[in-house]
Amino acid sequence: MKRLNDKKVLDEGALLELKADELVVLLRKGVVDAGRIKVVQQKLLHALDEATLPQKIEAFKELDTEQDRLELLNGFEYLLSHHQLDSNVSKKYITKERVKKSIVVIIGIIMITLGMAMIIMPAPPYFEMFTVFYFNDNDGVTIMDIISLLIVFTGVYLFLSSVLKKQST
């Protein structure tokens, strides 16, 4: 099985080289104008940056914070010398992290709103047929209310965990 995976990787590498050769041949023929070449160049550079970004950042996550300051500084210096990081790479990483956090915040707010709406709005009778606790003969806490509270608490947890989470990087 390993040989098949190695062959597949080699075939993907060979395919990449073949496509690169085809691109070079097309560019040498002069099929497209200079503006189109710039667009293709930007796409290619962007794809290459995106492919190497996680590897660059992951190396820095391996620094152990329980080391003394000198060892931590030496490890950091070693990583900086072996991995090219500039402000563009760090901005991309920070932007991705902020987008992830904001999406979780939005999902949390939506869940809180949905749960509160389920509690406030009247539900059909077939949803409210199981009452857990009666306030009076006509009203009480139903299973629908308990499910709604679970949705609200899940939304609050998502919201607070994304807002109050410390930066681990």
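The values are calculated or read from the model by the stated rules, or taken from the named source; none is laboratory data. Quantities reported herein were computed from a predicted structural model and do not represent experimental measurements. Glycine gets a Cβ as well: all are built from the backbone with ideal geometry, and neighbour counts include every protein chain shown. For the accessible areas, the whole protein counts, side chains as well, though only heavy atoms, and no ligand, DNA or RNA atoms are used. Shrake-Rupley method; radii C 1.70, N 1.55, O 1.52, S 1.80 Å.
Set the Förster distance to 41 Å, then compute FRET efficiency between Leu48 and Asn74 from the Cβ-Cβ distance, nearest 0.05.
0.85
Calculate what fraction, in whole %, of the accessible area of the stretch 88-143 sits on carbon and sulfur atoms when a 1.4 Å probe is rolled over the protein chains.
In the stretch 88-143, the share of accessible area belonging to carbon and sulfur is 71 percent.
Report the gain in length on full extension from Lys38 to Ser102: 0.36 nm times residue separation, minus Cα-Cα distance, nm rounded to one decimal.
Using 0.36 nm per residue and subtracting the Cα-Cα distance, I get 19.7 nm.
Which chymotrypsin sites (Phe, Trp or Tyr not before Pro) in the stretch 108-169 sit in a loop by DSSP (not H, G, I, E or B) and have at most 14 other Cβ atoms within 10 Å of their own Cβ?
Tyr126, Phe127, Phe130, Phe135
Assuming R0 = 45 Å, can you tell me the calculated FRET efficiency for the pair Ile120 and Lys91, based on Cβ-Cβ distance, to the nearest 0.05?
Calculated transfer efficiency: 0.60.
Going by amide H atoms built from the backbone, whose H comes under 5 Å of the H on Ala123, apart from near neighbours?
Amide H neighbours of Ala123: none.
Stretch Leu150-Met129 to full length: gain in nm at 0.36 nm per residue minus the Cα-Cα span?
Full extension from Leu150 to Met129 adds 5.7 nm.
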